Amino acid sequence: MREIPPKILEILHLNYFGYLCTLEPDLQPHITPIFFVYDHRHKTIYFLSDIHSRKINNILKNPEVALTVDERDESDPFNNEGLLVRGRATVHSPEEARVDMLPEIYEIYEIFKSKYRQFMTVSKSSRDVLVSIEIFKISHWVGPIFTTVKLR
Amino acid sequence: MRWIYELIVEKIPPFSLLPKVYVTTVQLLLMEFVGITIALIFELPPNRAIKYGSIIIFVVVLWSVLTLYIAPTIRSFRPSLSEEENRVIETYKRILFHPKHLEVVPGLVIFFIFLYYFFVINPNLLIYYLGKNHQGVLVFAAILLWDVSYRAGLGVWVTYNSLVRSILLLKISRRRKKLEHTLLYDLRSMERMDLNNLVFGLISLIIYPVFQVDLFISVSIIVYVCMLLIFSSLSIYFIRKVPWLPPDIMDLLNEGKFAYVGTVESIRPHVTPVVYVFDGRYVYFATSTVSKKYKNIKKVRKIAILIDERDPTDLFKNKAVLIKGRAAVLGISSLLYALPTLIRVRNLFHRKFQKYMGVYKRDKSKLPKAWQLTPMVRRIPVKIIPEEVIYWRGARKIRIPL
């Protein structure tokens, strides 16, 4: 199965927070809440982060990442729904972003703008870099029922 | 600042020339050599002078080992993130490493009391240990007495000041605000140091047989041991009660319900939501033995757990705490040593998630077959042993680079 079911797309589009897990060189897991967008055309997740942050540091050494996006219900575990994305991250530093890639990057910024409208700002002196996560596998759960979608 | 004994080790040959690990061994051999030589030259009674002398030398060296460990630990405490607590720690360091070497004072007191006792009150004791012609070895005996007194004094001095430090820290920690706290690492080293002091006290019992012929000295040793044991155990008790997290994070951990647990699967990360409880010291979550994270933890114990609070109306009001460390699985075998913990964790879960867990019981039929057969028994609590804590308050805006 290579198509992502609409249920999963809905979760990816409607949730503001994702929890990204990277590994330090000594295999110590590190988790950070992130703002992210999903681009359905490339089946890729994007987020922005400071180039000096721990997660970027980790990704540069080990690109394997896991991301959880979930909706939780404090009173009923059967209403919990979420997904675990596993994939490989690539850091696009401003120098690396080739001219022919620029339009694509701008498109991604547009997706950010539409999702996080009031939380966006444009900065000239930003040290932030764009990171893409190429999705390998998505596990989806509703309450205790799990399904897995493999993209690769 | 250094203690006198440390200065000797650092500045005076042969000790200053040796790698640190060998210092105490060489000290032991050297003292033994000198002691036995003197005993043979002056024909001292072998089974008293040599045997008892060796025991005393052995204790002196054991104490030296602990001293060389304790001193750098005390100096290594970093500034606390609470100004008041920092003042307590700084005062503690300043008293222990006073430029006027206050640490010698208790040792001097002990030394002179025993000097007076041996030479004035009970001179027969010297004859008992060293024989009738002991004039020639008095200097060596006095040096040995000083070695014992100095370290015994140091033990009392450190233990007493540590107790005062623990009490003050606990008292002040109750008034903390927002992010004020003393670093977990330092609290742990304080606890370890107190444990050392406890061992220091127990070591003095080794001397007991040497002096059991004399009531005054035996009683002094017992009193000394009790004092050290009581001081250091109280100090451990109080320091363990000092919260290792600032109030803001404690609140977050107490109020939160869900957490995200990160584990390692070979070289890939894995992250899933869990429900958790916090007992004021540690975070626990429960997991099924068939879950991926359980299998991961069994192979690699490194773990991260993130607990956050989100405000749906304002993304910037979120806060999060990330605890990185090791996972301790409280399985069947832990029933033996962690039963109180298991009961406490179970009660915490029941209180916090009464409704949530109730749903599982009520709608059992909705669960997958495997879960229905193996209900809560196969859910095992996991304790997070923290090594690093990171705290975020308020997300910053998403900045688009230009």
### Task
Return the residue satisfying two criteria in turn: it lies in segment A:67-83 and is in a helix (DSSP H, G or I) and at the interface with another protein chain (Cβ under 7 Å from one of its Cβ atoms), and of such residues it is surrounded by the most Cβ atoms within 10 Å (Cβ to Cβ).
A:77
### Summary
Only unsatisfied item for residue B:274, checking (1) surrounded by fewer than 22 Cβ atoms within 10 Å (Cβ to Cβ); (2) in contact with a strand residue (DSSP E or B) (Cβ under 6 Å, 6 or more places away or on another chain); (3) β-branched (Val, Ile, Thr); (4) away from chain A (no Cβ under 12 Å), is (4)
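Results for (1) out of contact with any strand residue (DSSP E or B) (no Cβ under 7 Å at 6 or more places or on another chain); (2) modelled with pLDDT of 90 or more; (3) not β-branched (Val, Ile, Thr), shown as yes or no for each residue.
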{"position": "B:80", "(1), (2), (3)": "yes, no, yes"}
{"position": "B:88", "(1), (2), (3)": "yes, yes, no"}
{"position": "B:106", "(1), (2), (3)": "yes, yes, yes"}
{"position": "B:117", "(1), (2), (3)": "yes, yes, yes"}
{"position": "B:129", "(1), (2), (3)": "yes, no, yes"}
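State which residue is farthest from residue B:308 (Cα to Cα) when the search covers only segment A:1-31 and only residues that are at the interface with chain B (Cβ under 7 Å from one of its Cβ atoms) and of a type outside the set (Phe, Trp, Tyr). Steps first, answer last, please.
Kept after step one, since they are at the interface with chain B (Cβ under 7 Å from one of its Cβ atoms), are these residues of segment A:1-31: A:16-17, A:19, A:21-23, A:27-31.
From what is left, the residues that are of a type outside the set (Phe, Trp, Tyr) are A:21-23, A:27-31.
Values: A:21: 15, A:22: 18, A:23: 20, A:27: 23, A:28: 20, A:29: 17, A:30: 14, A:31: 11 Å.
That would be A:27.
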### Query
Restricting the search to segment B:140-193, which residues are within 13 Å of residue B:89 (Cβ to Cβ), of a type in the set (S, T, N, Q) and more than 16 Å from the chain's Cα centre (by Cα)?
B:173
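Pick from B:341, B:272: which is at pLDDT 85 or above and closer than 30 Å to residue A:63 by Cβ? Break it down into steps so the answer makes sense when it comes.
Working: B:341 fails: closer than 30 Å to residue A:63 by Cβ.
Within the list B:341, B:272, the selection yields B:272.
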### Query
Of all residues in segment B:99-154, which are of a type in the set (D, E, K, R) and either surrounded by 14 or more Cβ atoms within 10 Å (Cβ to Cβ) or touching a Phe, Trp or Tyr at 6+ places or on another chain (Cβ under 6 Å) (or both)?
B:103, B:147, B:151
### Query
Which residues, taken from segment B:192-217, are surrounded by fewer than 17 Cβ atoms within 10 Å (Cβ to Cβ), assigned to a helix (DSSP H, G or I) and touching a residue at least 24 places away in the same chain (Cβ under 8 Å)?
B:192, B:195, B:199, B:202, B:206, B:209, B:216
### Query
Has segment B:240-262 got at least one residue that is part of a strand (DSSP E or B), closer than 30 Å to residue B:304 by Cα and of a type in the set (Val, Ile, Thr)?
yes
### residue A:53 within 29 Å of residue B:327 (Cβ to Cβ), of a type in the set (Gly, Ala, Ser) and free of Cβ contacts under 8 Å to residues at least 24 places away in the same chain
yes
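The values are calculated or read from the model by the stated rules, or taken from the named source; none is laboratory data. Since we're looking at a predicted model, the values are computed, not measured. So basically every Cβ, Gly included, is an ideal-geometry build from the backbone, and we count neighbours across all protein chains shown.
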